[in-house]
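Read the structure below first, then the notes.
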There are 2 protein chains.
Amino acid sequence: MSENKEKTLESLGEFGLIEHLTNSIEIKNGSTIKGVGDDAAVLDYKDKQTIVTTDLLLQGIHFDLVYTPIVHLGYKAVMVNLSDVYAMNATPKQITVSIGVSSKVSLPIVEQLYDGIKLACNKHNVDLIGGDTSTSLTGLTISITAIGEANKEDIVYRSGAKPNDLICVSGDLGAAYMGLQLLEREKRVHQGNTEIQPDLSGYDYILERQLKPEARKDVIEFLKTIGVKPTAMIDISDGLSSEIMHICKQSNTGCRIYENKIPIDHATSLFAEEINMNPTVAALNGGEDYELLFTISIEDYAKFNQETDIKIYTIGHITDESKGQYLVTNGDEEVELQAQGWNAVQ
Amino acid sequence: MSENKEKTLESLGEFGLIEHLTNSIEIKNGSTIKGVGDDAAVLDYKDKQTIVTTDLLLQGIHFDLVYTPIVHLGYKAVMVNLSDVYAMNATPKQITVSIGVSSKVSLPIVEQLYDGIKLACNKHNVDLIGGDTSTSLTGLTISITAIGEANKEDIVYRSGAKPNDLICVSGDLGAAYMGLQLLEREKRVHQGNTEIQPDLSGYDYILERQLKPEARKDVIEFLKTIGVKPTAMIDISDGLSSEIMHICKQSNTGCRIYENKIPIDHATSLFAEEINMNPTVAALNGGEDYELLFTISIEDYAKFNQETDIKIYTIGHITDESKGQYLVTNGDEEVELQAQGWNAVQ
């Protein structure tokens, strides 16, 4: 990485850095009255409801700079938040970005981070309206808050699932986790040897799923087009298992998920085999797929017969609460689902 | 600190911790449709404009757990954000809180942090609506976003100051920085000696200003009462010098600040003398006072003749841009103001 000779984090300072990073930002949304540059941003929502979500990304926990291209990190940090807004069946409109950077982080690194952030904003038509930059003793910290809007009647909560509703997912699962396993493996192999470049060829799909996830704006738009409003919805950040349990808990229901219905890409299965792992476990507990998991009333099922490139998979159904939350395995056994989070027992 | 025997961060896990920390939260604002517990919070603003601000607090940079009571830290983390909302002449309504905690941080520490956060919310009638909790490799990270509302015509930006406007500040300056110097001094003295408790008696005022600042809701309300809308406003987080320069830059003006008009508390002057420091330097560059700095048109000056406990000091005036931004010292010299940030050259 080449050092920028003229400008450094030190020479720019806090205010200079903010200006440097934000002076090319163009406002895209009418609801953005005032963005970066005052004590706070000002938004105007007339007859819409406002959606707010936030995520904190910490070096060494959520990303490893050894193998994460920094521009992808910026992109992903935004996607993680936009995904939460889409999971409310809402449209993201603004984000704020706070970063903490240690003295080891150079200006080009921060610029690339913002390049990724701006790329994500442009793709999803979102305004970057403010934030905070700070020195840090230890590595890179990124905190993003996303704000969106929706008509009151369109918002989908986690709590609306009803017995007999079908459980759907918007794409294949487990690939992001397999990508992480691959990156971790290559890191271990090459540890201490900076000469050898990791060999990641042929693993494009699982790497892209890990490094450059895409929030499913297209799915939300497709559901609107075919006139389906999910009864409950959540995005898959922690793994299918804990996400469906969130829906069940907040909807006071049980569920049955069928192992043979869980969509798993061929590349995911191949790498899972290579490292001797059950791909279903990656789908259930891996997380970071950022697909949408939602429930629909059975009457809406026929509406999915329209031609589209968007793949929606039906993987199970909602039951009465008393039936519990279970995976029905390929061997027709019922295994109780386990919640995951950062207490991961797997 | 006593260890909670029944519950630990490990036994609670991410979802358990979120529930544990947020289950006692009562919604206070009608605009809060949905708080903690979904992918995102949902807010409803009818004919108001929405204000958003965010701040990141990092251990070792913004706070030192050696001498910061953790409940105060939670309180201050909220105040820092509310202060930004008040600085827009707006009313804070909601906050989101993201925290990263390392394995060294115990559950009682996190609970105390939330006690402080909730105390601040209660005092300012603000709803805690969401956030993110995460493990961290290194210490404690706190990221808070505050959301507020205001009528469009009430919002005060940094950009509205005009030549001949008076520059006002809502309380005394430099005390928070003196409190920090005191705490740092005591830390050095007692380093490696945990038996001796630091002697902080008699320094209550500067310690409180550092550890438990209060966002100036009362000032905003007072200004409304007397019918004054500032032409520009900002809160003093980085020091008087850089704050007035922000106003001047965005308003395309110059300014004159008079050293002998800068409000400095007796306790601040005493401790400054003790450590051989010029208290004016603390006021100009110290920061963390969280007072409001604002400009008013000269016609509004007479309106401040009402009886009130709130002290507003007039410390200078706005000039044409060509006159530059200067401090007029007690010796009647003009010294050009310097911006501060985390590149502090002082």
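For chain B, the relative contact order comes to 21 percent (Cα pairs under 8 Å, sequence separation of at least 6). Each of B:ILE236, A:ILE27, B:ILE275, A:ILE144 was scored by other Cβ atoms within 10 Å of its Cβ. Arranged with the fewest first, they read B:ILE275, A:ILE27, B:ILE236, A:ILE144. Among the listed pairs A:LYS249/B:LYS123; A:LYS123/A:LYS261; A:LYS34/A:LYS123, give every one whose C-alpha distance is greater than 29 Å. Correct reply: A:LYS249/B:LYS123; A:LYS123/A:LYS261. Between the residues A:HIS124, B:LEU9, B:GLY331, the greatest Cα displacement towards the positive end of the dipole of the protein assembly as shown, with unit charges on the Cβ of Lys, Arg, Asp and Glu, is found for A:HIS124.
Residues whose amide H falls under 5 Å from that of A:ALA232, counting only those 5 or more places apart or on a different chain, are A:THR295, with hydrogens built in the peptide plane.
Between this copy and the others, label points of A:VAL281 are 6.1 nm apart in ascending order, each placed 7 angstrom from Cα in the Cβ direction.
Order these by the 10 Å Cβ neighbour count, fewest first: A:ASP238, A:ASP39, B:ASP218, B:ASP47.
B:ASP47, B:ASP218, A:ASP238, A:ASP39
Quick check on the stretch B:30-177: take the gyration tensor over C-alpha atoms, sort the square-rooted eigenvalues as a ≥ b ≥ c, and tell me if it's rounded (a/c under 1.5), prolate or oblate. Oblate, because a/c is 1.5 or more while a/b does not exceed b/c.
Taking each residue as 0.36 nm, the span from B:GLU333 to B:HIS190 lengthens on full extension beyond its C-alpha to C-alpha distance by 47.4 nm. What is the set of long-range amide H partners of A:TYR45 at a cut-off below 5 Å, with H atoms built 1.01 Å from backbone N? Correct list: B:THR50. Each part gets one Cα centre, and for the stretch B:84-153 versus the stretch A:62-103 those centres are 20 Å apart.
Loop-located GluC sites (Glu not before Pro) across the stretch B:101-195 with a Cβ neighbour count of 12 or fewer within 10 Å are B:GLU195, with loop assigned by DSSP. Rounded to the nearest 500 deg cm²/dmol, what is the calculated helix-only ellipticity per residue at 222 nm for chain A, with -39500 (n - 2.57) per DSSP H run of length n ≥ 4? That comes out to -10000 deg cm²/dmol. Listed by Cβ neighbour count within 10 Å, with the fewest neighbours leading, A:LYS48, B:LYS261 appear as B:LYS261, A:LYS48.
What is the dipole size for the protein assembly as shown, taken about its Cα centre, with +1 at each Lys and Arg Cβ and -1 at each Asp and Glu Cβ, in debye to the nearest 20?
On the way: 58 positive and 102 negative charges, 165 e Å.
The calculated dipole for the protein assembly as shown is roughly 800 debye.
The phi-based Karplus calculation (6.51 cos²θ - 1.76 cosθ + 1.60; θ = phi - 60°) puts the 3J(HN,Hα) values of the stretch B:110-122 at 5, 5, 5, 4, 5, 4, x, 4, 5, 4, 5, 4, 4 Hz, whole numbers, x for Gly and Pro. Each copy carries a label point for A:LEU137 at 7 Å from Cα toward Cβ; from one copy, the others' points are 1.5 nm away, ordered from shortest. Relative contact order of the stretch B:166-336: 41 percent, from C-alpha pairs under 8 Å at least 6 residues apart in sequence. The aspartates and glutamates within cross-link reach of A:LYS152, meaning a Cα-to-Cα straight distance under 18 Å and a gap of 8 or more places when in the same chain, are A:ASP44, A:ASP47, A:ASP84, A:GLU221, B:ASP38, B:ASP39, B:ASP44, B:ASP47. Taking 25 Å as the straight-line reach from the Cα of B:LYS187, the lysines in range (excluding those fewer than 8 positions away in the same chain) are B:LYS76, B:LYS104, B:LYS212. Relative to the globular-protein estimate of 2.2 N^0.38 Å, the Cα radius of gyration of the protein assembly as shown stands at 1.00.
Let me know the shape class of the stretch B:100-219, please: from the alpha-carbon gyration tensor, a ≥ b ≥ c as square roots of the eigenvalues, rounded when a/c is under 1.5, otherwise prolate if a/b is greater than b/c, or oblate. It comes out oblate by the Cα gyration axes. Distance from the alpha carbon centroid of the stretch B:196-265 to that of the stretch B:271-346 works out to 8 angstrom.
Taking a ≥ b ≥ c as the square roots of the Cα gyration tensor eigenvalues, with a/c under 1.5 meaning rounded and otherwise prolate when a/b beats b/c, else oblate, which class fits chain A? Since a/c reaches 1.5 but b/c is at least a/b, the shape of chain A is classed as oblate. For the stretch B:9-154, the relative contact order works out to 37 percent when only alpha carbon pairs closer than 8 Å and six or more residues apart are counted.
Distances between equivalent label points of A:GLU307 across the copies, with each point positioned 7 Å along Cα→Cβ, amount to 8.2 nm, shortest listed first.
Determine, from the Cβ-Cβ distance of B:HIS266 and B:LYS162 and an R0 of 30 Å, the FRET efficiency 1/(1 + (r/R0)^6), rounded to the nearest 0.05.
0.30
Throughout, read-outs are computed from the coordinates displayed, never taken from laboratory work. Since the model is a prediction, treat every value here as computed from it, not as a measurement. We place every Cβ from the backbone using ideal geometry, glycine too, and count neighbours over all the protein chains shown.
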